[in-house]
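What follows is a short report on a single structure.
The values are calculated or read from the model by the stated rules, or taken from the named source; none is laboratory data. Please read these numbers as outputs of a predicted model, since none were measured by experiment. Neighbour counts run over all protein chains shown; Cβ positions are idealised from the backbone, glycine included. Protein only, heavy atoms only, side chains kept; ligands, DNA and RNA dropped before computing areas. Shrake-Rupley method; radii C 1.70, N 1.55, O 1.52, S 1.80 Å.
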Amino acid sequence: MNRRLHVLAAAIALSAWQPAHAQQYAGFEGFHSSDADGTDVTRTALDLDWTHTDREHYQGLSLERARFRPSGQRAVADERLYWRFAGGDAWKWTGRVGSDGHSVLGSAAIHNEAPRRQEYFLEREIIETPIGLQDRLYSTYLGAAFDTPLGERDLLTTVVGVQTFDGDNVRLHYRGTLVHTLSETHGLSAQLRVRGFHDSVANEADYFAPGWYAQAIPTLQVRRFVNGWRYAVAAGVGTQRAA
């Protein structure tokens, strides 16, 4: 069983952006993660936009190679082709829709820029486990996220969603983060992060589906913006329970 809960992950995202007036764009993206079960995921993509105004307004194609090595077993590689897009003003949307030759894949999201921020999103991806990759099993996740200011220094973020798997399992997700700003100057905040889910069918296939799962982690975070880059470091200790 692939338990991707105690995660040690490293991610690298590299992109080359042209000036705002450019109408065409070519860029490269790379991502790698590794978890405590020995599962490695590597993605590399070449982005080619026929219309590209800035990072929030573009249309084009993305050619991606995804390599999965589940639980230290034999690696499986996929080639994907996506249509990628982003736009909007008061409400902004972004997405990539394509295929690996077996099923529709991708993600899409729309959000506003109001103080009470709302975001609605849809994602579909292959299940990154030995059986999931062998039998081409996929999951689809539909969700919404809300930011609710509770004062000048406090913010509550909530996420609710439903995820379906190829098979019979339907998973209900919930997540909440309560943030209290300790220092705006240093970007320091204290947070309480809680999350959990409930499965309609436990132990289906080989992905982690215990029936129910809950987690709570008090956390300290430092987030800074320097020369257009965002840096964030967070550390916490808490508890988790599963059926």
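List, please: which pairs have Cβ atoms under 9 Å, are six or more places apart or on different chains, and start with a residue in region 115-137 that is under 18 Å from Ser103 (Cα atoms) and end with one that is outside any strand (DSSP E or B) and among the aromatic types (Phe, Trp, Tyr)?
That search, which allows pairs on different chains as well, returns Thr129/Phe208.
I'd like to know if region 139-160 contains one or more residues that are among the acidic types (Asp, Glu) and closer than 22 Å to Val41 by Cβ.
no
Got a number for residues in region 12-53 being modelled with pLDDT under 90, more than 30 Å from Tyr207 (Cβ to Cβ) and either in a strand (DSSP E or B) or among the small types (Gly, Ala, Ser) (or both)?
Going through region 12-53 one residue at a time, the tally reaches 4.
Take the conditions over 22 Å from Arg117 (Cα atoms), of a type in the set (Val, Ile, Thr) and free of Cβ contacts under 8 Å to residues at least 60 places away in the same chain and apply them to Val162. Does it pass?
No.
With the requirement that a residue be in a strand (DSSP E or B), charged (D, E, K, R) and surrounded by 15 or more Cβ atoms within 10 Å (Cβ to Cβ), what does region 67-108 give you?
Of everything in region 67-108, those that are in a strand (DSSP E or B), charged (D, E, K, R) and surrounded by 15 or more Cβ atoms within 10 Å (Cβ to Cβ) turn out to be Arg69, Asp78, Arg80, Arg84, Lys92, Arg96.
Got a sec? Which of Glu119, Glu123, Glu128 is at pLDDT below 95, within 27 Å of Ala209 (Cα to Cα), surrounded by 13 or more Cβ atoms within 10 Å (Cβ to Cβ) and within 17 Å of the chain's Cα centre (by Cα)?
Glu128
So which of Gly161, Gly176 ends up being under 27 Å from Pro70 (Cβ atoms) and either assigned to a strand (DSSP E or B) or open to solvent by less than 80 Å² (accessible area, probe 1.4 Å) (or both)?
The match here is Gly161.
Do we have any residue at all in region 221-240 that's outside any strand (DSSP E or B) and in contact with a strand residue (DSSP E or B) (Cβ under 6 Å, 6 or more places away or on another chain)?
So far as region 221-240 goes, yes, one or more of its residues are outside any strand (DSSP E or B) and in contact with a strand residue (DSSP E or B) (Cβ under 6 Å, 6 or more places away or on another chain).
Might you let me know whether region 164-173 holds any residue that is among the polar types (S, T, N, Q), in a strand (DSSP E or B) and open to solvent by less than 50 Å² (accessible area, probe 1.4 Å)?
no
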